[in-house]
Amino acid sequence: MKRPELDDAWRALQAHRKSWKSVQLRDLFREDKKRFERFTLRLNDLLLDYSKNLITPETLKLLLRLAKAAELKDARAALFAGKKINLTEGRAVLHTALRAPADLNLMVDGHNVMVDVRRVLKQMRSFVGRVHGRKWKGYTGKPISDIVNIGIGGSDLGPAMVCQSLAPYAHPGIRAHFVSNVDPTHLSETLKRLTPETTLFVVASKTFTTQETLANAHAARAWLLAGARDSRAVARHFVAVSTHTEEVIRFGIDPANMFEFWDWVGGRYSLWSAIGLPIALYLGMDRFEELLAGAHDMDEHFQAAPLEANMPVILALLGIWYNNFWDAQSYAVLPYDQYLARLPAYLQQLDMESSGKGVTRDGQPVRVSTGPVLFGEPGTNGQHAFYQLIHQGTKLVPCDFLVAAESHNPLEDQHEILLANVFAQAEALMRGKTRAEARAELKAQGLKKKEITALLPHKVFPGNRPSNTLIYHRLTPRNLGRLIALYEHKVFVQGVIWDINPYDQWGVELGKQLARNILPELKSPEAVHSHDASTNGLINYCKGLREEP
Ligand code: G6Q
């Protein structure tokens, strides 16, 4: 930390943390009848209840002091203005421009990037219209029924998660599939269910050099041509989304069928760009634009709301409180919404690739702990699996619960059962169960004194386990846009306070480099000796197995 005021704010929080030794959340709720009103925020129908956190007004005051000392407002202004805040790649970070109102102008390197944004949105709308209007036809003249997005990481997780989340809004007659893994099983199992004449491939790659994506795209083209037996079919069945026209041409896709985006859109922040084409194809362009509008709602809130009433800022500061002052190593995202089943995987990339950094923006080793391990599963499934550790384990796992007040699929009282469970989990984590409460229960069950003594320690819940609850009316495109942007800005705020660059990902490079060396070794018949004993041993053992019948 360079700035003394930041050190002071940090030390004040360390001192404050010590005062938390004997505080119980259930007591804070009893003492402050306004705790819910005090610690909730709303944006339209989206409500964030953060009252079940290990905080008092004083905690928040000190956390906000930290945000101010980190000059958060200036950093936020630089983000939205298109300053090159991705220092290691020399790039602006402008996913917010992709969802900005149509009349905005935003200059980067002397060029109004909004002209490009509007052009590509128009191109997407026209293309989606042709596909939905059954005017875009496959090589036998049949309309398209299946979209297969071939991409990985940022070129897969966002659109895949959004399509799954918004399935109730799907355009009739269009199915969306996502192939990311280089494991040939992923593509093969997907194609088994499809027929070439009605399938459209969207090859999505910012660089268009990603090994996995190109391997899958080449295999998909061979599958198409095995059916079509005419290379002209490629133009009817392949479109590309990329920043690299030359690479798209090299692959053999007509640049007329290319949807462009730009280096100022980071991979894991790209679903708002043409990378969202499969979303637009699956849901329709109007729904895609509602998603953008939702994200823009959150952008406006993030820019305009005072820090103490600012959802992304509050979520970020709470994360910092546990990560840096309670030594929490992980963080659980628990959607009580089957449509959001892929949200934890999506947020895993957003958060862990952005915040998993060990050096500061100017290249010094960080002095504080950075991003936590994020995990999660939809409720109620997780309750029957890993929640035990969250309730009674030795680790503090802050949780975010997400739930819609209304289901898209009302079925008897099942949604009410779901709601009862999400509220109960947050309550149970907060309240816990004291020794006295547990003892009274066991007594009421008629257990003998000796049995009670033996069982009692197992029946106690320590409580004081923090959680946020995000609740919204229905999971609409607009609400989903708001939620995703909320987490994007949370990651940004934490990056400012930790003084790291959330927009690069050099940590994924080494494995890629080494895989490039190993591939030819695997293909050659010779035994391999160029690595450490373990890597040599594994490669040679694997080669031996592959020679067996
Ligand atoms: C995301 C990362 C990474 C990237 C993939 C795919 O922020 O940069 O997940 O999206 O490696 O890259 P391409 O889009 O270039 O194929």
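Taking Lys and Arg as +1 and Asp and Glu as -1, the other residues whose beta-carbon sits under 14 Å from that of LYS33 total +1. Take the Cα of ALA77, go 7 Å toward its beta carbon, and the backbone nitrogen atoms of the range 295-321 under 18 Å from that spot belong to 300-308. Gain on full extension, evaluated as 0.36 nm per residue between GLN392 and PHE36 minus their Cα-Cα distance, stands at 125.6 nm. Placing ARG482, ARG175, ARG361, ARG17 in order of accessible area, with the largest value first and a 1.4 Å probe, yields ARG175, ARG361, ARG17, ARG482. Note that the chain, at 4 °C in a medium of 1.567 mPa s, gets a Stokes-Einstein diffusion coefficient of 50 µm²/s from its Kirkwood radius over C-alpha pairs. The helix-only estimate of mean residue ellipticity at 222 nm for the chain, built from DSSP H runs of length n ≥ 4 each weighted as -39500 (n - 2.57), is -14500 deg cm²/dmol after division by the residue total. One chain, two ends: GLU5 and LYS459. Fully extended at 0.36 nm per residue, the span grows by 158.9 nm beyond their Cα-Cα distance. Residues whose amide H falls under 5 Å from that of GLY432, counting only those 5 or more places apart or on a different chain, are GLY463, ASN464, with hydrogens built in the peptide plane.
Here LYS61 is the anchor, and the aspartates and glutamates within straight C-alpha reach of less than 13 Å, apart from those fewer than 8 places off in the same chain, are GLU308.
Pairs of Cα atoms in the range 261-319 fall into 10 Å distance bins, from 0 up to the last occupied one, in shares of 20, 37, 32, 11 percent. Remark: the range 323-330, residue by residue, has Karplus-estimated 3J(HN,Hα) of 5, 9, 10, 10, 6, 5, 9, 9 Hz, where x stands for each Gly or Pro and the curve is 6.51 cos²θ - 1.76 cosθ + 1.60 at θ = phi - 60°.
Near the amide H of MET258, within less than 5 Å, lie the amide hydrogens of ALA240, all on another chain or at least 5 residues away, with H placed in the peptide plane.
In plain terms, the chain from ARG130 to LEU104 could stretch by 6.6 nm, reckoned as 0.36 nm per residue minus the Cα-Cα distance.
Placing +1 on the Cβ of every Lys and Arg and -1 on the Cβ of every Asp and Glu, with no other charges, gives the chain a dipole of roughly 960 debye about its Cα centre. Exposed loop sites here mean GluC sites (Glu not before Pro) with a DSSP loop assignment and at most 10 other beta-carbon atoms within 10 Å; the chain contains its longest site-free run at 1-411.
Among the protein heavy atoms of the chain, carbon and sulfur supply 54% of the accessible surface, probe 1.4 Å, non-protein parts ignored. Per residue, the solvent-accessible area of the chain (1.4 Å probe, heavy atoms of protein chains only, all protein chains present) comes to 45 Å².
The values are calculated or read from the model by the stated rules, or taken from the named source; none is laboratory data. Everything numeric in this text was worked out from a predicted model, so none of it was measured. Glycine gets a Cβ as well: all are built from the backbone with ideal geometry, and neighbour counts include every protein chain shown. In case anyone asks, the SASA skips ligands and DNA or RNA and just uses the protein heavy atoms, side chains included. Shrake-Rupley method; radii C 1.70, N 1.55, O 1.52, S 1.80 Å.
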